[in-house]
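As structure tokens, the structure follows; a few thoughts come after it.
The values are calculated or read from the model by the stated rules, or taken from the named source; none is laboratory data. Small disclaimer: the values here were computed from a predicted structure and weren't measured. Using ideal geometry, Cβ is built from the backbone for each residue, glycine included, and neighbour counts are taken over all protein chains shown. Ligands, DNA and RNA are excluded from the accessible area calculation, which covers all protein heavy atoms including side chains. Shrake-Rupley method; radii C 1.70, N 1.55, O 1.52, S 1.80 Å.
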Amino acid sequence: MNRIVFDNPLLLAAANGPLATLLLIVGLIIVMLTVVSYLILFERWIAAQIQDRVGPNRAGPFGLLQPVADIVKLFIKEDFTPSHVDRKLYWLGPIWVIAPAIIGMAVLPIGGTVVVAGHAFRLQVASIDVAALFLLMTGSMGVYGLVVGGWASDTKYSVLGALRSASQLISYEVPAGLVVVSIVLVAGSLRLETIAAHQAGLWWGWLPHWLIFTQPLAFLIFIVCILAECNRLPFDLPEAEQELIGGFHTEYSSMKFGLFFLAEFTNAVVASLLTAVLFLGGFGFWGLAGDQPAGVQTQWYFGLARVAVSFGKAGLIILLMMQIRWTLPRFRFDQLAKLAWQVLVPASLLLVFANGIVLWLHAPPWAYLLGNVAVALLVAVGAWLLGGRVTGRQRTLVLAERSHA
Amino acid sequence: MVSKSRSENVQIPIGPQHPALKEPESFLITLQGERITKSGVRLGYNHRGIEKACEQRTYIQAMYLIERVCGICSHSHSTAFVQAVEEVAGLQIPRRASYIRTLIGELERVHSHLLWLGVAGHEIGFDTLLMYTWRDREVVMDLLALLTGNRVNYGINTFGGVRRDVDAAQMEQVLKGVDILEERTKYYITVATDEVTLINRLSNVGKLAHDDAVRLGAVGPTARAAGVARDIRKDDPYAAYADLDFNVVTATQADVYGRTLVRVGELLESCKMIRQIIKNMPDGPVTVKAPRKVQAGEAFSRYEAPRGEDVHYVRGNGSDKPERVKVRAPTMANVQAVAHMLQDGYLADVPIVIAAIDPCFSCTDRLIGVARESGGRGIMTWEQARQAGIEWHRARGIDFTRLNETFRCGEPR
């Protein structure tokens, strides 16, 4: 039973039996959905703090039962199907959106391996070789659901919203993919556990080898991309309330709408967990969670600690996403496309070359940082030279005095 | 059915019910991709028959009804109406009363512009700005409640003056409130002039150049943002405005960003004016006796509401009821410019462009019935109605047809 691969102690890639896998899947879905529904409450609470409001505090102590109330409300609402919709696709839409989001969670390494009662148990549903690609794929698949749902609704607002999400995805999938490529170059594997393991260890005994420190530009681009791919403000154009009513979910009600809503937040969680793995060393936490390659611990409580660290890091990224959401106005469509194609794509392309060169020269890790800074400068200078200047600051307020003769 | 449409153009209805609109109104937008090729406005979803209802009420009843034309600029409509009736009746109101009217009017402007700033933020997906400005708006709403007893419909006006006096303690409170408001306004000016995402989002959106603003008859901040320095408070001072020292805020941008700058600038000017009013508040009575029946005659009253020039016309026939009341809310003058502003814009800009004229559609809706002089009712096209109007005036020796060529008001400075 103990088929543990010890080539990299951090991986401890034990294969789970079918029963264990099933248990893990059910457990993960329950945990994820709970996290996601509380995330909605958390988001509202953060928004209230930023906007100097009280926030939800009616349902239960501190409003803690608000998610329960929300879900009950969604379930008891009338599940109305308009007469003009394409019924099959209309049903398929929400399922198609939520399914890839949940499937994406399967490949995320969130807790390493624990040994319980003599059996090795991997806290990851599927450890596959191309996990990074797999997550890019599930991200794109989810957008098909939006397009299908929007198209099946047969409303102009929905179709426009669906088209917007399709083109938004095309725009932001490219830089996101290129950033993943540059990270994969450095880590030398598409397997997420290996990428996380690559970031184990400390410089000067305190600074972790996390890629955010050597690849800050890649991190920045990736954050912008996941904001766009999760349809979150400032990139929530597909469902821009003020223009398109609800965008692709205009015609959906009850739990079908709830699935769209849930999928959006599940995507946000998966994307931030992926960011944590790619840039923040996965579950690495100064060895405190039993996560150092030299002394990886397989006790169950270390496993739980590692899961907590993973979600904690993802939580920080979600906090960042929420802060951005409540401090910026929504981008306009041309601004969004401009940002993707004129800034992010060239930057991430150059980043791939920069990382490749550093790798080829066998240069020390600080060279990656140098490469990132160089690319950032190049893009900034290029944008300035090509006249992509913003309107800029306008400090003077014109106060014209009108003489009254 | 989009899927069956063969043309490349898609028509999107914005309204009569739409999240971007706070009141029912219909904008039919023709799109090519995300670009607008054509747009049309259709009014008339919220006609309330207020003008007709006024004719069946006594002047004092009509005054309270007129105050309910608009929920935001209630004092503007009430004052414009009261001024017209006072002119017909030949009433001279005490100076203290005119100062109090001006004070309420400027507080109302602050409350309206803060409200607009929040709505504008909401329309571009910037809800935090909405929450901030509406929180600050509470300060001025509380001041209005303190002075008049109401947060929205103040009911301060009456024929011959105002219904309530303002005491020293209240004025002290107002000054304190204005200090807070001014500080917050300065913060919003920093936001509007420093926040690059906001500037990019609002610049070059909903362009209305100076000449177009004049041609389409835009009023208020919409016109002033195009450099048309047209402000009734300066051009034709009423109430206490002749005594006050203030600037007409204009901008050169001629877009939504310019309109934002004008409104935040006007917030500062209003704070300045409120301080002057309180400093120079004259003593004396606040009302003179007004007759129940108003003599025959007609008057035309102009008032610079927060949204622009508000026009009231009242004709009396010697009874206690007005014979005719005509209200032209500022949105009526601005709404025609919206179609021009939307041209060649993006769909994403529709909500903010509509919101940028600070529309108040319920106030705007009017019904015009055509009663031919030859007798009978019928339908006239716009051209016929215009021609009939020109001929009617010409027969009385007035010719406005070449007005725009001979007289151009509001040149930018």
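Going by average Cβ density within 10 Å per residue, which order do the peptides A:205-211, B:12-18 take, highest to lowest?
B:12-18, A:205-211
Points 7 angstrom from Cα along the Cβ direction at A:L65 and B:K293: gap in nanometres?
Each label point lies 7 Å from its Cα, and together they span 6.8 nm.
Roughly speaking, to the nearest percent, how much of the protein assembly as shown's 1.4 Å accessible area is carbon and sulfur?
C and S atoms contribute 62 percent here.
Let me cross-check A:V72: its accessible surface, 1.4 Å probe, with only protein heavy atoms counted, in Å² to the nearest 10?
So the heavy atoms of A:V72 present about 80 Å² to solvent.
If you consider only alpha-carbon coordinates, what radius of gyration and Dmax does the stretch B:278-330 have, in Å?
Radius of gyration, then largest Cα-Cα span, for the stretch B:278-330: 15.0, 41 Å.
I want to make sure I understand the PRE zone here: with the label point 7 angstrom from the Cα of B:N204 toward its beta carbon, which residues in the stretch B:342-356 have backbone N atoms less than 17 Å away?
Label zone hits: B:342-350, B:353.
For labels at B:R68 and A:L316 in the simple 7 Å Cα→Cβ model, what's the distance in nm?
5.9 nm
Let me know the charge dipole size of chain A about its Cα centre in debye, to the nearest 20, where only the beta-carbon of Lys, Arg (+1) and Asp, Glu (-1) is charged.
Charge dipole, chain A, about its Cα centre: 480 debye, nearest 20.
Roll a 1.4 Å probe over the protein chains and send me the accessible area per residue for the stretch B:51-329 in Å².
33 Å²
Would you list, by chain and number, the lysines whose Cα falls below 19 Å from the Cα of A:K73, excluding same-chain residues fewer than 8 positions away?
Here the lysines satisfying the reach criterion relative to A:K73 are A:K256.
With only Lys, Arg, Asp and Glu charged, each at its Cβ (+1 for the first two, -1 for the last two), find how big the charge dipole of chain B is about the Cα centre; round to the nearest 20 debye.
The dipole of chain B has a size of about 1080 debye.
Which is farthest toward the positive dipole end of the protein assembly as shown among A:V184, A:L319, B:V228, measuring Cα position about the Cα centre, with Cβ charges +1 (Lys, Arg) and -1 (Asp, Glu)?
B:V228
Give me Rg/Rg_expected for the stretch B:1-138, where Rg uses Cα atoms only and Rg_expected = 2.2 N^0.38 Å with N residues.
Against the compact-globule rule of thumb, the ratio is 1.47.
Which sequence of B:Y346, A:Y172 reflects their accessible areas, 1.4 Å probe, from the largest down?
Ranking B:Y346, A:Y172 by accessible area, largest first, yields B:Y346, A:Y172.
With the Cα gyration tensor of the stretch B:209-334 giving a ≥ b ≥ c as the square roots of its eigenvalues, does the rule (a/c under 1.5 for rounded; else a/b larger than b/c for prolate; else oblate) give rounded, prolate or oblate?
Because a/c hits 1.5 or more and a/b fails to exceed b/c, the stretch B:209-334 counts as oblate.
What accessible area, summed over both chains, is buried at the B-A interface (1.4 Å probe, Å², nearest 100)?
Approximately 4600 Å² gets buried when B meets A.
Under a Cβ-Cβ cut-off of 14 Å, what is the net charge of the residues other than A:C225 that fall near it, where Lys and Arg count +1 and Asp and Glu count -1?
-1
Just grab the label-to-label distance for B:Q384 and B:K326, each label 7 Å out from Cα along the Cβ direction, in nm (one decimal).
The two pseudo-label positions are separated by 2.0 nm.
Tell me, what is the Rg over Rh of the stretch B:190-235, with Rh the Kirkwood radius over Cα pairs?
1.08
Express in Å², to the nearest 10, the accessible area of B:R394 obtained by rolling a 1.4 Å probe over the protein heavy atoms while all chains stay in place.
120 Å²
Which one, A:L178, A:L33, A:L227, has the greatest fluctuation when you compute a Gaussian network model over chain A with C-alpha springs under 10 angstrom?
Ranking A:L178, A:L33, A:L227 by mean-square fluctuation puts A:L33 first.
Could you calculate the FRET efficiency of B:E183 with B:R394 from 1/(1 + (r/R0)^6), where r is the beta carbon distance between them and R0 is 56 Å, rounded to 0.05?
The computed FRET efficiency comes out at 0.50.
If the viscosity is 1.306 mPa s and the temperature 10 °C, what translational diffusion coefficient in µm²/s does Stokes-Einstein give for the protein assembly as shown when Rh comes from Kirkwood over Cα pairs?
Translational D for this selection: 52 µm²/s.
Please compute the length gained on full extension between A:L202 and A:L378, using 0.36 nm multiplied by the number of residues separating them and subtracting their Cα-Cα distance.
60.3 nm
Over the stretch A:157-212, with a single point scatterer placed on each C-alpha, what log10 of the ratio I(q)/I(0) does the Debye formula yield at q = 0.16 1/Å?
-0.64
Per-residue mean of other chain beta-carbon atoms within 10 angstrom of the beta-carbon, peptide A:323-330?
Counting Cβ atoms of other protein chains within 10 Å of each residue's Cβ and averaging gives 6.
Given all pairs of different Cα atoms, what value in angstroms does the Kirkwood hydrodynamic radius of the stretch B:51-329 take?
For the stretch B:51-329, the Kirkwood estimate is 19.3 Å.
Starting from the Cα of B:K22, draw a straight line to each of the aspartates and glutamates and keep only those under 17 Å, dropping any in the same chain fewer than 8 residues away.
Leaving aside aspartates and glutamates fewer than 8 places away in the same chain, those within reach of B:K22 are A:E241, A:E243, B:E123, B:D127, B:D349, B:D358, B:D365.
By average Cβ neighbour count within 10 Å, what is the ranking of B:314-321, A:252-259 from highest down?
Descending packing order for the listed peptides: A:252-259, B:314-321.
Using a Förster distance of 56 Å, how high is the FRET efficiency between A:I128 and B:L28, based on the Cβ-Cβ distance and rounded to 0.05?
That gives a FRET efficiency of 0.60.
Along the principal axes of its C-alpha atoms, what lengths does the stretch A:301-352 span, in descending order and rounded to whole Å?
The Cα atoms of the stretch A:301-352 stretch 49, 32, 12 Å along the principal axes, largest first.
How many partner chain Cβ atoms sit within 10 Å of a residue's Cβ in peptide B:120-133, on average, as a whole number?
5
Checking the cross-link filter: which lysines have an alpha carbon closer than 18 Å to that of B:K234, excluding same-chain neighbours under 8 positions apart?
B:K234 reaches B:K272.
From the mean inverse distance of alpha carbon pairs (Kirkwood) and the Cα radius of gyration, derive Rg over Rh for the stretch A:129-268.
Taking Rg over the Kirkwood Rh, I get 1.08.
Solvent-accessible area of A:R191, probe 1.4 Å, all protein chains present, reported in Å² to the nearest ten, please.
In the full protein context, A:R191 sits at about 50 Å².
Name the most mobile residue of B:Y154, B:Y64, B:Y187, meaning the one with the largest mean-square fluctuation, in a Gaussian network model of chain B with Cα contacts below 10 Å.
Judging by the Gaussian network model, the answer is B:Y187.
From other protein chains only, count the Cβ atoms within 10 Å of every residue's Cβ in B:343-350, then give the mean.
If you average over the peptide's residues, the count of other-chain Cβ atoms is 4.
Give the longest segment of chain A that steers clear of GluC sites (Glu not before Pro) in DSSP loops with at most 14 neighbouring Cβ atoms within 10 Å, not counting the sites themselves.
The reported range is A:79-400.
Under 1.5 on a/c is rounded, so check that first for the stretch B:85-197, then, if it is not, pick prolate when a/b is larger than b/c and oblate when it is not; a ≥ b ≥ c are the square roots of the alpha carbon gyration tensor eigenvalues.
Prolate is the answer for the stretch B:85-197, as a/c is 1.5 or above and a/b outweighs b/c.
Quick check on chain A: what are the equivalent-ellipsoid semi-axes from the Cα gyration tensor, as sqrt(5λ), descending, whole Å?
Ellipsoid half-lengths, sorted descending, are 36, 31, 21 Å.
Pick out which of B:V311, B:V335, B:V288 has the largest mean-square fluctuation in a Gaussian network model of chain B, springs linking Cα atoms closer than 10 Å.
Among B:V311, B:V335, B:V288, the largest mean-square fluctuation in the Gaussian network model of chain B belongs to B:V288.
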